[in-house]
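Report on the structure given below.
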Amino acid sequence: MEPTTLILFGATGDLAKRKIYPALYNLFADQKLPPSFSLIGLGRREHSDASFQAHVEQSLRQFSRREIRDSASLQSFLTMFRYCILDAGRKEDYAKLLQMVEEREQALRIQPNRLFYLSVGPEFFEKIAAHIQESGLGSANGWKRLVIEKPFGHDLQTARDLNRKLSQAFTEREIFRIDHYLGKPIVQKLEELHQTDPLLRELWSSRRVANVQITASETVGVEERAGYYDQAGAIRDMFQNHMLQLLMMVASHFPADLPRGDGRSKKRSVMEALRPLVKQNTGAAVIRGQYQAGEIQNTPVIGYTAEPGIDSASRNDTFVAAKLLIDDDYWRDVPFYIRTGKRMREKSTRIVVEFKDAKTKSGSRAPNLLVFEIGPDEAITLQFQSKDSSQLEAFDPIRIDAPVSPGNVPEAYENLIDDALHGDPTFFAHWDEVELSWKWVQPVLEAFEENLVPLHLYAAGTYGPAESDRLLAEDGFHWWFDI
Ligand code: BG6
């Protein structure tokens, strides 16, 4: 791997502390960092290099999946870290940064390969990209890459505007849009399985599949992000990005000989075939919910509108469920049901593929299921229905469980940072995917805004509003819960 300088905006922020430093440390421990690596942390707070390194160390002690045993190797990790105070809007600060970056590159005798990581609020994205361009930071003699976190725009138009601005400083190949769900091991496995497993490929179409259910339920509420979340809602926070990415990953047909990185064109085809919604009819396919007070694992919790920082009259969505149809030759007439919500009964991200039914004599349904447990547990389970010989009509499920890499698996951020360091875009969201996702979501945003879709209240600790069952019941299906 080529020598790299990682220039981290938002170095004293929460994401850096919880995810980025632990990921870098674990890559270091696995000897996956480039041989010459240096990180320059940027923030508004005062820090010396030493106090910044102490901050990084503290984050590792709190959040690293690996225990820190060996202080010598910890020290050699921390010595790669430098700090520079920077006001993202001040042109002069970028000149100072350029000087510091060049000094580091000269001291380490490395080429100017620069990875700019924007772990900051979206209001800074355009400004920072423009300053990188103007200051000359991005025009050195090596490569440059931009890693950017969500949210990528607030709707279709703002996403397009942002992309146009970023494109003035970085090409599409240089932009790595993080969707951390694409870093999750089981999600990555979907592409691999599809490419390598002939059985799975055989099963993957409307000939065999009755419906697909994608769930991301959370027990947490709005946490300390009231300002952001009350503007975003579940539709922007989870649905437009993570949930549609899961849909693309599960519905794409990745050919066995697919060159690395080309899977993104398959994902785009799925999005292009997604049947669009009409704003006025959104209510038929989309359920909107908001949590009320309730109990989660025997602990009482308050309702959304009572949360600190949330307007007591807020009609923001903390739950969204939808039925989507993909009008292509593989998936015509197979419903894909998606739901995501906060303050639900359990933390669970999973995809359930329900196969067309094996009918019993009495006509009752006994479908086979393939379940991808994405988090917090990771497993792939195939559930067959077999006849119980003692009872003619009863079926006993047989399960084949494959816990995936049990134990200490790399976290999403490790996989993604590793890929960004290698310049591998496979598991980053391409602009086409982002734009097509916003395009599908746009009528839903407008329908919510104009109150064309009812807001159903649900008690915290449940599976969301009962109305979301209707989406499936109309087609003769139901959500699979405890499988
Ligand atoms: C983030 C959302 O992108 O994903 C959060 O902003 C959400 O609201 C989180 O809690 C869920 O991620 P995970 O990995 O815990 O499923």
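The values are calculated or read from the model by the stated rules, or taken from the named source; none is laboratory data. Everything numeric here is computed off the predicted structure, so don't read it as measured data. Heads up, the Cβs are rebuilt from the backbone with ideal geometry, glycines too, and the neighbour counts pull from every protein chain shown.
Just one residue in the set 85, 128, 110 is more than 20 Å from residue 37 (Cβ to Cβ) and surrounded by 19 or more Cβ atoms within 10 Å (Cβ to Cβ); that residue is 128. A search for C-beta distances below 6 Å between a residue of segment 247-260 that is in a loop (DSSP other than H, G, I, E, B) and at pLDDT below 95 and any residue that is of a type in the set (S, T, N, Q) and loosely packed, with under 12 Cβ neighbours inside 10 Å, counting only pairs 6+ apart in sequence or on different chains, returns nothing.
Does residue 73 satisfy the condition of being under 25 Å from residue 422 (Cβ atoms), in a helix (DSSP H, G or I) and at pLDDT below 95? Quick ask: steps written out before the conclusion?
Details: under 25 Å from residue 422 (Cβ atoms): yes; in a helix (DSSP H, G or I): yes; at pLDDT below 95: yes.
Yes; evaluated as a whole, the condition is true for this residue.
Within segment 212-226, residues that are aromatic (Phe, Trp, Tyr) have Cβ atoms under 7 Å from residues that are within 11 Å of the ligand (Cβ to nearest atom) in no pair, counting only partners at least 6 apart in sequence or on another chain.
Entry remark, segment 213-235: residues being within 16 Å of the chain's Cα centre (by Cα), within 8 Å of the ligand (Cβ to nearest atom) and within 15 Å of residue 458 (Cα to Cα) number 1 in total. Residues in segment 295-311: is at least one part of a helix (DSSP H, G or I), over 17 Å from residue 218 (Cβ atoms) and away from the ligand (no atom under 16 Å from the Cβ)? Taking every residue of segment 295-311 in turn, at least one turns out to be part of a helix (DSSP H, G or I), over 17 Å from residue 218 (Cβ atoms) and away from the ligand (no atom under 16 Å from the Cβ). Output the residue which, of all residues in segment 194-208 that are surrounded by fewer than 19 Cβ atoms within 10 Å (Cβ to Cβ), of a type outside the set (Lys, Arg) and not in a helix (DSSP H, G or I), is nearest to the ligand (Cβ to nearest atom). Out of the qualifying residues, it is 197. Out of all the residues in segment 81-88, is one or more assigned to a strand (DSSP E or B), farther than 26 Å from residue 425 by Cα and of a type in the set (A, V, I, L, M)? The answer is yes, given that some residue of segment 81-88 is assigned to a strand (DSSP E or B), farther than 26 Å from residue 425 by Cα and of a type in the set (A, V, I, L, M).
Cβ-Cβ below 7 Å, separation at least six or inter-chain, first residue in segment 274-291 and aromatic (Phe, Trp, Tyr), second part of a helix (DSSP H, G or I): which pairs? Between residues of segment 274-291 that are aromatic (Phe, Trp, Tyr) and residues that are part of a helix (DSSP H, G or I), the close pairs are 291/304.
Yes or no, residue by residue, for (1) touching a Leu at 6+ places or on another chain (Cβ under 8 Å); (2) surrounded by fewer than 21 Cβ atoms within 10 Å (Cβ to Cβ); (3) at pLDDT below 95; (4) among the hydroxyl-bearing types (Ser, Thr, Tyr):
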position	(1), (2), (3), (4)
345	no, yes, no, no
352	yes, no, no, no
361	yes, yes, yes, no
393	no, yes, yes, no
406	no, yes, yes, no
444	yes, no, no, no
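Here's the yes/no breakdown for (1) among the acidic types (Asp, Glu); (2) farther than 26 Å from residue 19 by Cβ:
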residue	(1), (2)
75	no, no
79	no, no
103	yes, yes
123	yes, no
